[in-house]
Amino acid sequence: MAHQSLYREYRPKTFADVVGQEQVTKPLEEAVKAKKIGHAYLFAGSRGLGKTSVARIFASAIGCSENDLHEIDAASNNSVEDIRALTEGVYTLPFQSPYKVYILDEVHMLSKGAWNAFLKTLEEPPAHAVFVLATTELAKVPETVQSRCQVFEFKKPTRAVLAKMTAAVAKKEGYDLAPDAAELIALLAEGSYRDALSVLQKVLVATKGKVLSRETVEAATGAPKREQVHALIHALAEGERGRALAAIEQAAKAGADMKLFLELVLEALRAVLLVRYAPDLRKELADELGADEFTALEKFASAGGGKEKGITHTTMLAFLTAAERIRYAPIPTLPLELAVLEAMGDAT
């Protein structure tokens, strides 16, 4: 039997299990306690934030059994005929629950005709019907639909929240995930709980031991190696333009995703500047980065003559500009190369 996916195994079962979405869960809990259940809810937010999980939890909290819970993928059931079939079923009484709950995922994919067919039912449903619409693109949901729903927007978790959640799940699975490894997984997840657990599962499958280092995550995911990032940071710290450009070229030749490589460079630059200018954060940074990474970045912070030379705020600004350019760059390395030239000016 195939092993269950981590994101399915650790999917929240109660409102208390939901992390970082209090602006959604608290009002829903209060509505359940007060028995003031609306007929239509609209959950909006990017993928992997728990919209359908919270919809299931809400359905359970109002007493809806599995027999009376209907989940529909609106991306593939988006025609007028599909919605008419749905609305006809809405008027039959629940099997064994006070409510029939309909969860429509990716609801923005409904056709214009389907929306029109759905509007009257959404406006005047039978007392036992509750609709929970979920979407990753709120702007594509007609205003006439939004006005008939209670709208809840799900927030992307911070990198710290994702790292903490990933480390906790790894521990439950019997693994020791290093802090800097958890940070890298959180970065790779791009603000998605589901993607963070998918990345973690990929790492667990590819690992024999029970200790998961950053190098373990790099090897399992193909993320740019820390040495590649350090080569560029070191060159920038020493003011060696040629070496900095060569470091970018070497990373590209090694097959690094340049967008992700740039994100890791920005993370390192930020840490270098914080080490230099915010001594009160040293312990916090050391815990976050891990001892080896912190020691390396500490050296880069004092290289090139300290505050006036080496890595400065100008360096950070140049690479932030590169982050704005890289999405549309015809040559992936070009924004980073320009950042080196802009940051180092006349350096030789």
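The values are calculated or read from the model by the stated rules, or taken from the named source; none is laboratory data. Remember, predicted model here, so these are calculated numbers, not experimental data. Cβ: placed from backbone, ideal geometry, glycine included. Neighbour counts: every protein chain shown.
Go through the residues of segment 75-82 one by one and say whether even a single one is modelled with pLDDT of 90 or more, surrounded by fewer than 16 Cβ atoms within 10 Å (Cβ to Cβ) and not hydrophobic (A, V, I, L, M, F, W, C). No: segment 75-82 contains no residue that is modelled with pLDDT of 90 or more, surrounded by fewer than 16 Cβ atoms within 10 Å (Cβ to Cβ) and not hydrophobic (A, V, I, L, M, F, W, C). Going residue by residue through segment 304-317, is there one that turns out to be under 26 Å from ALA181 (Cβ atoms), at pLDDT below 90 and in a helix (DSSP H, G or I)? Looking through segment 304-317, none of the residues is under 26 Å from ALA181 (Cβ atoms), at pLDDT below 90 and in a helix (DSSP H, G or I). Pick out the one residue from THR52, THR25, THR14, THR87 that is in contact with a helix residue (DSSP H, G or I) (Cβ under 7 Å, 6 or more places away or on another chain) and within 22 Å of LEU138 (Cα to Cα). After applying the criteria, what remains is THR25. Just one of the numbered conditions (1) part of a helix (DSSP H, G or I); (2) crowded, with 18+ Cβ neighbours inside 10 Å; (3) not assigned by TED's automatic domain parsing to the domain that holds ALA322 is not true of ALA244: (3).
Scanning segment 145-178 for residues that are touching a helix residue (DSSP H, G or I) at 6+ places or on another chain (Cβ under 6 Å), at pLDDT 90 or above and among the basic types (Lys, Arg) turns up just one, ARG148. Among the criteria (1) of a type in the set (Ser, Thr, Tyr); (2) farther than 30 Å from THR166 by Cα; (3) buried (at least 16 other Cβ atoms within 10 Å of the Cβ); (4) in contact with a Pro (Cβ under 6 Å, 6 or more places away or on another chain), the one SER97 does not fulfil is (4). Just to check your reading of the model, which residue among LEU236, LEU232, LEU269, LEU197 is in contact with a Phe, Trp or Tyr (Cβ under 7 Å, 6 or more places away or on another chain), surrounded by 23 or more Cβ atoms within 10 Å (Cβ to Cβ) and over 17 Å from GLU288 (Cβ atoms)? The match here is LEU197. Considering segment 27-44 alone, what residues qualify as being outside any strand (DSSP E or B) and either in contact with a Cys (Cβ under 8 Å, 6 or more places away or on another chain) or surrounded by fewer than 22 Cβ atoms within 10 Å (Cβ to Cβ) (or both)? Within segment 27-44, PRO27, GLU29, GLU30, ALA31, VAL32, LYS33, ALA34, LYS35, LYS36, ILE37, GLY38, HIS39 qualify. Scanning segment 45-69 for residues that are surrounded by fewer than 16 Cβ atoms within 10 Å (Cβ to Cβ), in contact with a Phe, Trp or Tyr (Cβ under 7 Å, 6 or more places away or on another chain) and at pLDDT below 95 yields one hit, ASN67. Restrict the check to segment 292-299 and report whether at least one residue is among the hydroxyl-bearing types (Ser, Thr, Tyr) and either surrounded by 15 or more Cβ atoms within 10 Å (Cβ to Cβ) or modelled with pLDDT of 90 or more (or both). Within segment 292-299 (the criterion being among the hydroxyl-bearing types (Ser, Thr, Tyr) and either surrounded by 15 or more Cβ atoms within 10 Å (Cβ to Cβ) or modelled with pLDDT of 90 or more (or both)), the answer is no, since none of the residues qualifies. For segment 175-203, name all the residues that are of a type in the set (Phe, Trp, Tyr) and either on the phi > 0 side of the Ramachandran plot or assigned to a helix (DSSP H, G or I) (or both). Passing the criteria: only TYR193. Between ALA268, ALA251, the distinction of being small (Gly, Ala, Ser), assigned by TED's automatic domain parsing to the domain that holds VAL340, closer than 22 Å to TYR328 by Cα and assigned to a helix (DSSP H, G or I) belongs to ALA251 only. Under the condition of being in contact with a strand residue (DSSP E or B) (Cβ under 9 Å, 6 or more places away or on another chain), in contact (Cβ under 8 Å) with a residue 60 or more places away in the chain and in a helix (DSSP H, G or I), the residues counted in segment 145-171 number 3.
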